[in-house]
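Contents: one structure, followed by commentary.
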Amino acid sequence: MFKHTLAAALLLLQAVCPALAVDPNTLYVPAPYIVGDPTPNYFPDWNNPQGKERVDCALKAGEPTEVGLYFGQSNTTATANGLHYPTNRTGVQNFNISDGGCYIAKPGGPIDPLLGATGYPPGLSIPYPTGSWIGILADMRISAGKATREIMVPIGVGGSYIRDWEPGGANNIRFGVAARRLAAAGLTPTWVLIGQGESDLYTPGPDYQASLQNTINSIHSYWPNVDIYVAQETYIAGYTSAAVAAAQLAVVNPAAHVHQGPNGDLLGSAYRYDNIHFSYSPGCTTWAARWNAVLP
């Protein structure tokens with residue numbers, strides 16, 4: 001009850017007093033981010049859990065670099081039940097939209113939990129999961145010779161609906177903040193990966209498609225030619241939505257830089273530790289490989 005009341009109160013406060021609203025044209029982002037997150041991350045160590053090392057974000061000659069922006073709901077955040085310890089430690093880098101810094105795992109440590117997305121904070125009395133498939137994908141790309149640096153920009157919000165990401169939605173500001181933070185660092189996304197749909201299990205297909213297209217248009221307002229990949233992703237507790245999955249396919253238009261992503265609905269309970277969220281293995285490892293297969 002508290003989490004929903006808090007989110008509603010913040011939205012009401014901004015509506016009553018616009019001067020307190022967050023301006024997407026500034027470099028500020030709530031850190032930790034609360035609105036729209038069913039498990040608020042207002043813990044003081046969440047900006048840099050696991051003591052990651054901050055490194056220079058600047059592009060360097062002779063270092064092919066891919067920059068990936070990742071968003072959606074909990075399966076694109078920090079919810080897997082295992083942490084990733086990167087093989088390519090210095091090349092697997094996490095760009096944090098809360099402070100505009102790039103971070104790597106400390107020697108012998110994990111790259112998870114990723115900075116910038118929501119998730120389950122460490123240090124609670126219950127050992128919540130805090131891993132992700134995103135670092136695994138970054139490692140795969142480097143090991144395959146696609147790049148020497150993979151800069152991950154995760155901005156997902158657990159439990160979010162697609163309407164939260166279109167203009168006017170609670171999470172749309174995250175695109176503007178990411179754009180300003182990346183521009184300040186001299187970075188531009190190579191691609192944007194969308195993994196969202198579980199919360200919209202009962203959303204009518206046409207409504208979902210309209211919100212998704214509005215979200216895509218919003219992304220392209222910041223990066224007009226960035227390639228966006230849309231997963232088919234609706235599986236939750238054994239249920240899927242054919243209407244939402246069809247809407248996710250309907251927006252695909254390669255000429256407009258919108259491409260088909262992998263089909264997460266094919267990964268059932270054997271890939272999920274709670275029949276919702278991906279397990280580290282085989283869930284995250286398989287999902288990362290599926291994404292790697294569709295990327296150039």
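Values as computed for the structure displayed
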{"read-out": "Hits in segment 61-78 (condition: under 17 Å from residue 113 (Cα atoms) and in contact with a strand residue (DSSP E or B) (Cβ under 6 Å, 6 or more places away or on another chain))", "value": "68, 69, 70, 72, 75, 76, 77, 78"}
{"read-out": "In segment 69-78, the residues that are touching a Pro at 6+ places or on another chain (Cβ under 9 Å) and either assigned to a loop (DSSP other than H, G, I, E, B) or surrounded by fewer than 23 Cβ atoms within 10 Å (Cβ to Cβ) (or both)", "value": "77"}
{"read-out": "Selected residue (only one of 135, 195, 169 is of a type outside the set (A, V, I, L, M, F, W, C), touching a helix residue (DSSP H, G or I) at 6+ places or on another chain (Cβ under 7 Å) and either within 21 Å of residue 100 (Cα to Cα) or surrounded by 24 or more Cβ atoms within 10 Å (Cβ to Cβ) (or both))", "value": "195"}
{"read-out": "Test: residue in segment 75-92 that is modelled with pLDDT under 50 and among the charged types (D, E, K, R)", "value": "no"}
{"read-out": "Qualifying residues in segment 188-213 (those that are out of contact with any Asp or Glu (no Cβ under 8 Å at 6 or more places or on another chain) and part of a loop (DSSP other than H, G, I, E, B)) - the one farthest from residue 232 (Cα to Cα)", "value": "188"}
{"read-out": "Filter pass, residue 162 being buried (at least 21 other Cβ atoms within 10 Å of the Cβ), among the β-branched types (Val, Ile, Thr) and within 28 Å of residue 104 (Cβ to Cβ)", "value": "no"}
{"read-out": "Residue satisfying all of: in segment 82-101; in contact with a helix residue (DSSP H, G or I) (Cβ under 6 Å, 6 or more places away or on another chain) and not aliphatic (A, V, I, L, M); surrounded by the most Cβ atoms within 10 Å (Cβ to Cβ) among these", "value": "84"}
{"read-out": "Matching entry among 202, 229 (being touching a His at 6+ places or on another chain (Cβ under 6 Å) and closer than 18 Å to residue 73 by Cβ)", "value": "229"}
{"read-out": "Subset of segment 51-68 (residues that are within 12 Å of residue 187 (Cα to Cα), in a strand (DSSP E or B) and out of contact with any helix residue (DSSP H, G or I) (no Cβ under 9 Å at 6 or more places or on another chain))", "value": "65"}
{"read-out": "Lone unmet requirement of (1) under 20 Å from residue 179 (Cβ atoms); (2) surrounded by 24 or more Cβ atoms within 10 Å (Cβ to Cβ) for residue 231", "value": "(1)"}
{"read-out": "Residue 99 vs. criteria modelled with pLDDT of 90 or more, within 18 Å of the chain's Cα centre (by Cα) and part of a loop (DSSP other than H, G, I, E, B)", "value": "no"}
{"read-out": "Of all residues making up segment 130-163, the number that are out of contact with any strand residue (DSSP E or B) (no Cβ under 9 Å at 6 or more places or on another chain) and modelled with pLDDT under 95", "value": "1"}
{"read-out": "Pair list, Cβ under 7 Å, 6 or more apart: segment 161-182 residue under 21 Å from residue 201 (Cα atoms), other residue among the polar types (S, T, N, Q) and assigned to a loop (DSSP other than H, G, I, E, B)", "value": "161/199; 162/196; 164/171; 165/171; 165/172; 166/172; 171/160"}
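The values are calculated or read from the model by the stated rules, or taken from the named source; none is laboratory data. Being a predicted model, the structure only gives us computed values, none of them experimental. All Cβ positions, glycine included, derive from the backbone under ideal geometry; neighbour counts span all protein chains shown.
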